[in-house]
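Undergrad: Attaching a single structure in structure tokens format; questions to follow.
What follows draws every value from the coordinates through simple rules; no lab data is involved. Model, not experiment: these values are computed from the prediction. All Cβ positions, even for glycine, are placed from backbone atoms using ideal geometry, and neighbour counts span all protein chains on display.
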Amino acid sequence: MSDLDGVLTGVRVLDFGRYIAGPYCAALLADLGADVIRIERAGGGEDRWVAPVTDDGVGAMYVVMNRNKRAMTLDPACPEGREIVRKLVATADVVVANLPPEVLRSLALDLESLRRVKPDIILTTVTAYGAGGPWSAKHGFDGIGQVMCGSAYLTGTPEQPLRAAVAWVDCGTASLAAFGTLAALLSRRQTGRGQKVEGALLRTAIAFNNPTLVEQQAIQVDRVATVNRGQTSAPSDLFRTKDGWILALAIGDPMFRRWAKLMGEDHWLTDPRFRDDSARGDNGEIISKRMAEWSASRTTAEALAELEAARIPSAPLYSPQQALADAHIRTAGLLRDTEFPGVARGVPLAPTPVDLSETPGRFKRRAPILGEHTDEILAELGYQKAQIAELRARNVI
């Protein structure tokens with residue numbers, strides 16, 4: 001395999017996605033070598049401008065979610081645009097569109113319409129609530145998963161529930177959609193048939209918080225939020241040091257024994273309040289208070305060094321700027337500074353977040369500027385320069 005090849009080389013993906021769930025799914029496929037074509041309206045999709053970082057307003061979300069893609073502008077609703085979509089679909093293996101079902105049908109991007117053009121096509125979609133329930137037609141973003149799966153309820157305090165600032169529901173759904181798309185491609189290789197791959201934000205959130213829901217139904221524990229303190233083992237909390245904060249947690253008896261020795265609380269090993277993880281979780285406030293006293297007398301570096309020597313998992317609390325500067329993050333290649341038009345310092349892109357030893361994901365090109373490859377893609381479909389100019393004059397592209 002050459003340096004430009006990937007495990008999905010030869011696979012073409014049409015990306016009609018927006019924001020995170022669809023575009024990130026397509027980006028992961030692009031990392032693995034797929035030829036991904038992002039299609040957006042002439043003025044740019046609304047997700048292009050979220051959290052602007054460039055001179056002309058392109059946003060951080062767009063830069064991350066659209067690496068390794070080509071891009072074209074298109075009005076898929078007008079007759080000429082529909083014809084271009086039909087020609088694109090005829091060349092494609094996968095269509096990614098995190099659009100509501102009624103929008104898919106109106107644009108002829110539903111599975112039935114796509115199969116009339118390409119019988120073995122794979123349609124990868126993402127909805128907010130998933131099919132089969134009374135809310136299936138409702139729209140939504142990442143936060144609906146966080147609040148409806150119980151996660152936000154158990155974060156913060158009972159008086160002030162909190163959702164996570166990181167869009168973990170969106171990113172998790174995108175990753176699962178990419179996983180499903182890979183499975184569909186493997187299935188097509190075996191059967192010759194395409195299929196619909198459908199992810200849902202709420203489906204992802206419920207799946208990720210499933211252990212909590214199992215515990216609730218089984219023993220009716222009725223947990224409530226305890227800020228940063230874990231509830232099924234202890235210590236498990238954020239602790240202030242002389243110059244910052246750290247996370248420290250211990251799970252299981254061997255780790256708790258080492259922690260108790262480090263704290264000078266060996267007698268706690270025979271205290272029935274701390275007999276096992278469950279009991280320690282129930283009495284976590286006491287354990288967190290002791291740990292807080294210990295950490296308050298140390299710098300972050302001192303506390304982390306002692307915890308590491310005792311083999312207690314711990315880490316510093318970072319601001320985004322501190323994460324950017326961390327030696328491990330940089331040395332391990334978890335961020336790679338890349339050039340992007342209008343960003344003087346470059347953009348620190350995270351590579352494919354899973355590493356394959358033989359067929360790794362690769363960064364091949366920055367996210368495209370608006371309509372950067374429109375002419376190139378249309379030429380591949382057989383359009384001549386004069387035809388392309390006419391389409392542009394009529395605002396089709």
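Undergrad: Given the -39500 (n - 2.57) contribution per DSSP H run of 4+ residues, what per-residue ellipticity at 222 nm results for the chain, rounded to the nearest 500 deg cm²/dmol?
TA: Values: 17 runs with 159 residues, N = 397.
That comes out to -11500 deg cm²/dmol.
Undergrad: With θ set to phi - 60° and the Karplus curve 6.51 cos²θ - 1.76 cosθ + 1.60, what are the ³J(HN,Hα) couplings of the stretch 104-109 in order, to the nearest whole Hz, using x for Gly and Pro?
TA: 4, 5, 5, 9, 6, 10
Undergrad: Here is a further query. Quick check: Cα centre of the stretch 64-120 to Cα centre of the stretch 330-397, how many Å?
TA: Using only Cα atoms, the two centres lie 18 Å from each other.
Undergrad: Straight-line reach from Lys87: which lysines have a Cα under 24 Å away, not including same-chain ones fewer than 8 places off?
TA: Lys69, Lys118, Lys196, Lys385
Undergrad: According to a simple spin-label model (label point 7 Å from Cα along Cα-to-Cβ), what is the distance in nm between Arg86 and Val221?
TA: 5.8
Undergrad: Follow-up. Over the Cα atoms of the stretch 236-321, compute the convex hull volume and normalise it per residue, giving Å³. Intermediate results must be reported in sequence, preceding the final value.
TA: On the way: hull volume 7.4 nm³, N = 86.
Per residue, the Cα convex hull of the stretch 236-321 comes to 86 Å³.
Undergrad: Next up: What order do you get for 119-130, 297-308, 24-35 when each peptide is scored by the mean count of other beta carbon atoms within 10 Å, highest first?
TA: On the way: 119-130: 21.9, 297-308: 16.5, 24-35: 26.3.
Most protected by this proxy first, the peptides run 24-35, 119-130, 297-308.
Undergrad: Here's a follow-up. In whole Hz, what ³J(HN,Hα) sequence does the stretch 366-374 give by Karplus (6.51, -1.76, 1.60; θ = phi - 60°), x for Gly and Pro?
TA: Whole-Hz 3J(HN,Hα) from phi for the stretch 366-374: 5, 4, x, 6, 4, x, 4, 10, 4.
Undergrad: Net charge within 11 Å of Ile144 by Cβ-Cβ distance, Lys/Arg positive one each and Asp/Glu negative one each, not counting Ile144 itself? Mind dumping the intermediate values first?
TA: Details: positive: Lys138, Arg163; negative: Asp142, Asp170.
Net of charged neighbours comes to 0.
Undergrad: Sorting check: for 218-229, 369-380, which peptide has the highest mean count of neighbouring beta carbons within 10 Å, and how do the rest follow?
TA: Values: 218-229: 12.3, 369-380: 17.9.
Per-residue Cβ counts within 10 Å, averaged per peptide and sorted highest first, yield 369-380, 218-229.
Undergrad: Further question: Which one, (1) 21.6, 72; (2) 25.1, 85; (3) 21.2, 64, gives Rg and Dmax of the Cα atoms in Å as derived from the coordinates shown?
TA: Checked against the structure: label (2).
Undergrad: Around Asp47, what is the net charge, scoring Lys/Arg as +1 and Asp/Glu as -1 over all other residues with Cβ under 10 Å from its Cβ? Could the numbers behind the result be given before it?
TA: Numbers: positive: Arg18, Arg48; negative: Glu40, Glu46.
Local charge sum for Asp47: 0.
Undergrad: Ok, one more. Please report, in whole Å, how far the alpha carbons of the stretch 255-397 spread along each principal axis, starting with the longest.
TA: For the stretch 255-397, the Cα extents along the three principal axes come out at 85, 34, 32 Å.
Undergrad: Counting Lys and Arg as +1 and Asp and Glu as -1, what is the net charge of the other residues whose Cβ lies under 11 Å from the Cβ of Arg298? Mind dumping the intermediate values first?
TA: Numbers: positive: Arg240, Lys242; negative: Asp243, Glu293, Glu302, Glu306.
Within the 11 Å Cβ shell, the charges total -2.
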